[in-house]
Amino acid sequence: MSELGIQVIDKSYVNPADKTAKHVIKDLKLNLGHNEFVCLVGSSGCGKTTLLNILAGLDTQFTGNIELTPQHLQPKVGYVFQNPRLLPWRTVKENIQLASNASTETLDFLLQSMGMAAEKDSFPEHLSLGMSRRVSIIRAFATDPDLLLMDEPFVSLDPPTARQVRALLVDLWCKRPHKVLYVTHDLREAITLADRLIFLDSQPMSVITEVAVTIPREERNKEYVIEQFRQQLFIDYPEIIKLL
């Protein structure tokens, strides 16, 4: 059973004007279990995206260590950005294939699971934002990642569309589970999706508390169940209110 160990001792940016260092992340330790879905919850600007960029290998200027167990594995990382980042001159299927050499059967399964089979030959300009976000999710899953990073992928969607795409994401994840680290500042969304919530403080970023989401997945489509859990969190962990 593979696990991911994350230790960021320090991630800083230097102010070019006075050469002083701003500590964005300091003494942060996280672990993800096998196929665990973890949501990072924190205020905007606290360093969540910076952490994902470190895990994706896009930012190597930090002190610390990222380790996958067993150590002989070379982990594959999928990344779903806030912006879908689709190439406008390529079709849906071609955009997915750019990041993966998945079989036709796998691509067809992923497209069908996300309700995009009929759009596989469409170009991005003909897609709604919700559809474009589905394509970016399919593209990440198609790499069969050991770790899937998701950076507020539904932040600009209207609530009904966001609920629909979240449901599709969970259904796909249940069929093809991976370790997922999902960034959000929407607590209801986090409760709906996660096995575990990690609440983050800022300046520099650090863990305030971790909470297991004990709601059965088949109950998470009920808004009142999510809201009851959310309200209980505020009672049990009043320190998280300032993050939301």
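Values quoted throughout were computed directly from the atomic coordinates according to the rules given, and no laboratory measurement underlies them. Nothing here was measured: the structure is a model prediction, and the numbers come from that model. As a convention, Cβ positions derive from the backbone with ideal geometry for all residues, glycine included, and neighbour counts pool all protein chains shown.
Restricted to Cα positions, what overall size does the chain have along the principal axes? Three whole-Å values, descending.
Computed over the Cα atoms, the extents are 50, 44, 39 Å.
Relative to the Cα centre, what is the charge dipole magnitude of the chain, using +1 at the beta carbon of each Lys and Arg, -1 at the beta carbon of each Asp and Glu, and rounding to the nearest 20 debye?
Here the chain has a charge dipole of around 260 debye.
Looking at this model, which pairs from Lys29/Lys179; Lys29/Lys242; Lys76/Lys179; Lys48/Lys179; Lys26/Lys76 are more than 20 angstrom apart at the alpha-carbon?
Lys29/Lys242; Lys26/Lys76
For the pair Phe123/Gln61, report the inter-label distance in nm, with labels modelled 7 Å from Cα in the Cβ direction.
The modelled label-to-label distance comes out at 3.8 nm.
Calculate for the chain the 222 nm mean residue ellipticity that helices alone would give, adding -39,500 (n - 2.57) per DSSP H run of length 4 or more and normalising by residue count, nearest 500 deg cm²/dmol.
Taken over the chain, the calculation gives -9500 deg cm²/dmol.
How would you classify segment 19-159 from its alpha-carbon gyration tensor, with a ≥ b ≥ c the square roots of the eigenvalues: rounded for a/c under 1.5, else prolate if a/b is greater than b/c, otherwise oblate?
Because a/c hits 1.5 or more and a/b exceeds b/c, segment 19-159 counts as prolate.
Take segment 190-244, compute every pairwise Cα distance, and split them into 5 Å bins from 0; I just need the percent in each bin.
P(r) over segment 190-244, rounded to whole percents: 4, 18, 30, 24, 14, 7, 3, 0.
With a ≥ b ≥ c taken as the square roots of the eigenvalues of the C-alpha gyration tensor of segment 1-95, please select rounded if a/c is under 1.5 and otherwise prolate if a/b is larger than b/c or oblate if it is not?
Here segment 1-95 falls in the oblate category.
Treating the Cα atoms of segment 12-67 as identical point scatterers in vacuum, please give the log10 of the normalised Debye intensity I(q)/I(0) at q = 0.16, 0.21, 0.24, 0.31 Å⁻¹, two decimals.
-0.60, -0.97, -1.20, -1.45
Relative contact order for the chain using alpha-carbon pairs under 8 Å, separation at least 6, rounded to a whole percent?
27
Throw me the Rg/Rh for segment 77-198, computed over C-alpha atoms with Kirkwood Rh, two decimals.
Using only Cα positions, Rg/Rh for segment 77-198 is 0.93.
How far is helix 129-142 tilted off the main Cα axis of the chain, in degrees rounded to 10, range 0 to 90?
80
For helix 159-175, report the angle its Cα long axis makes with the longest principal axis of the Cα atoms of the chain; keep it between 0 and 90° and round to the nearest 10°.
The angle comes out near 80 degrees.
At a 10 angstrom cut-off on C-beta neighbours, averaged per residue, how do the peptides 156-162, 76-82, 212-218, 129-135 rank from highest to lowest?
Going by the mean number of other Cβ atoms within 10 Å, highest first, we get 129-135, 76-82, 156-162, 212-218.
Whole Å is fine, so just give me how far the alpha carbon centre of segment 154-177 lies from that of segment 101-144.
Rounded to whole Å, the Cα centres lie 13 Å apart.
In segment 1-32, what trypsin sites (Lys or Arg not before Pro) fall in a loop by DSSP, with at most 14 other Cβ atoms inside 10 Å?
Passing both the DSSP loop test and the Cβ count: Lys19.
Whole-Hz ³J(HN,Hα) for each residue in segment 24-40, computed from phi via Karplus 6.51 cos²θ - 1.76 cosθ + 1.60 with θ = phi - 60°, x for glycine and proline: what do you get?
8, 10, 8, 6, 9, 10, 9, 9, 10, x, 4, 6, 7, 9, 10, 10, 8
How many angstrom separate the Cα center of segment 212-244 from the Cα center of segment 1-48?
Between the Cα centres of segment 212-244 and segment 1-48 lies a distance of 24 Å.
Specify the angular offset, from 0 to 90 degrees and rounded to the nearest 10, of the alpha carbon long axis of helix 104-113 from the longest principal axis of the alpha carbons in the chain.
Its long axis makes an angle of about 70 degrees.
Ranked by Cβ crowding within 10 angstrom, fewest neighbours first, how are Cys174, Cys39 ordered?
Cys174, Cys39
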